[in-house]
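Please read the structure below before turning to the comments.
Rule-based calculations on the coordinates, nothing more; no lab input. If you're wondering where the values come from, they're calculated on a predicted model, not measured in any experiment. Because the Cβ atoms are built from the backbone with ideal geometry, glycine has one as well, and the counts that use them run over all protein chains shown.
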Amino acid sequence: MADQQAAATGRIVIDKCAIATVDAQDTEYASGHVVINGNRIESVGPGDAPEGLRDVTRRVDGTGHLLTPGLVNTHHHFYQWLTRGLATDSPLFDWLVALYPTWARVDEEMVYAAARGSLGMMARGGVTTAMDHHYVFPRGAGDLLGAEIRAAGELGVRFTAARGSMDRGTSDGGLPPDFAVETLEGALAETEKAIDAHHDASFGSMLHVAVAPCSPFSVSTELMRQGAELARRKGVRLHTHGSETAEEEKFCHELFGMGPTDYFESVGWLGEDVWMAHCVHMTDADIEAFGRTGTGAAHCPSSNARLAAGTARVPDMLAAGIPVGLGVDGTASNESGELHTELRNALLINRLGAHKENALSTREALRLGTLGGARVLGRAQETGSLEAGKLADVVLWKLDGIGHSTIADPVAALVLGAAAPVTLSLVNGVPVVEDGRLTRADEDDIARGARDEARRLAKIAAGAG
Ligand SMILES: [Zn+2]
């Protein structure tokens, strides 16, 4: 692929920094080193890097910094970068109904600009593995998934493209307008085409594709069922929204005679190859079912708060053995678009729940944003912790500046402090951020391009109204 990231060669040594490895023992070093060879981590340990290393192409003095695994985002809708700050006081269903008509006018140029904005914002905050759940495919809009894939390739971020779909319009009792949905056959055929064209299952792959019908209230039962069959036939993962709001629960009971989790189980949608966004309204039995089947969850604390959806029971999910990662969610419901600040929001919001101060520790919050996310995306063997043999997806956070220099513990500084600046972020051993700026794209250009496309979308939507 033309946009594929340049391969890293030689060794990079980073030392004199605090290190949080997020390995099984939560190993940390007050001052340690990491050696990167090509696209892999070669060694991690205390003190300075060993003497006599050959073929060292770069040495980084990490004094005043914390080194962690790159962050992994597990839920997003890039196109929403163009519709931020709208319906700011509405709950989910009202918010969706207000925005669907505008979203149904997106085209390839818009999605490309929005993907660059979304990915750029996350990358400069330490995200090395991103995902997107795109489910709006207006007729004649161009190659929308291809536009996102192109943007991720250009910025150098590891990517899971979740090919979404909706086929339950208002005339079938669904929430989206009929003009915004695809047919069952069309959605399945296009999803299969996307897998065949783009999915790369190899170790260190820069691009996965997942099958991702949007939600119970916008997708037919047949699309859920056949989507699961397609994913299993192709060996790719399954993603959707689940148990986000009380209204969704009511909708499921009225339409299917059961709650969302029972419905998912009835259509083959619980399993180790499935992850769900939100999982807010979960009963004890739902959590038990997720734990028993290894179904993953993408916890999106800011979006859940913004839409007044409620608080997911993350401590209970973790106790049940459920893989849990963090998600930005679409930026129409989380305008900041950052993942590193979700570490803090996850910790704070969960402490307002039943488990109080024991809900999540700073280390557990960091784990959700790194290894937890990698598990959810099926990539825990490759990324999510700093261990020899894993991919060189690492972030060096600057903690000696005004915002953090007096916070005693570096992990607490990262999780509880202000959004920490990124001095260096590597994906596959290749820099994607240096000194807080994207290395492979011009941020001002991204900002201008996204603003222009947002205005064009608003104009088209106003005209269509
Ligand atoms: Zn979402």
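What to note about this one:
- Eigenvalues of the alpha-carbon gyration tensor of segment 1-150, scaled by 5 and square-rooted, set the equivalent ellipsoid semi-axes at 41, 19, 11 angstrom, largest first.
- A quarter of the convex hull surface defined by the alpha-carbon atoms of segment 71-376 gives 13.6 nm² as the mean projection.
- Per-residue ³J(HN,Hα) for segment 399-407, Karplus 6.51 cos²θ - 1.76 cosθ + 1.60, θ = phi - 60°, Hz, x for Gly and Pro: 10, 10, x, 4, x, 10, 5, 9, 8
- Per the Debye formula on identical point scatterers at the alpha carbon atoms of segment 260-320, with no solvent, log10 I(q)/I(0) at q = 0.23 Å⁻¹ is -0.92.
- Using the alpha carbons alone, the radius of gyration of segment 86-245 stands to its Kirkwood radius in an Rg to Rh ratio of 0.96.
- Kirkwood analysis of segment 1-71, using all unique Cα-Cα pairs, places the hydrodynamic radius at 12.9 Å.
- Projecting the Cα atoms of ALA212, TYR263, ALA312 onto the charge dipole of segment 71-376, computed from C-beta unit charges around the Cα centre, puts ALA312 farthest toward the positive end.
- Taking other C-beta atoms within 10 Å as the exposure proxy, SER266, SER118, SER220 rank SER266, SER220, SER118 from fewest upward.
- Pair-distance profile P(r), taking every C-alpha pair of segment 51-114, with 10 angstrom steps and integer %: 14, 29, 19, 16, 14, 8, 1
- Semi-axes of the equivalent ellipsoid for segment 180-326, Cα gyration tensor, largest first, Å: 24, 19, 14
- Electrostatic dipole magnitude of segment 71-376 [Cβ: Lys, Arg +1; Asp, Glu -1; Cα centre; debye, to 20]: 960 debye
- Within the chain, helix-based [θ] at 222 nm, where runs of 4 or more DSSP H residues each add -39,500 (n - 2.57), nearest 500: -10500 deg cm²/dmol
- Ascending count of other beta-carbon atoms within 10 Å, so fewest first, for ILE407, ILE14: ILE407, ILE14
- For segment 288-300, Karplus couplings with θ = phi - 60° (6.51, -1.76, 1.60), whole Hz, Gly/Pro x: 4, 5, 4, x, 5, 9, x, 5, x, 10, 9, 8, 10
- For the chain, lysine pairs separated by 8 or more sequence positions, or belonging to different chains, with Cα-Cα distances below 27 Å total 5.
- Cβ crowding within 10 Å ranks MET110, MET206, MET258 as MET258, MET206, MET110, fewest other Cβ atoms first.
- In the chain, the sites counted are trypsin sites (Lys or Arg not before Pro) in DSSP loop states with at most 13 other Cβ atoms within 10 Å, and the longest stretch holding none of them, exclusive of the sites, is 140-465.
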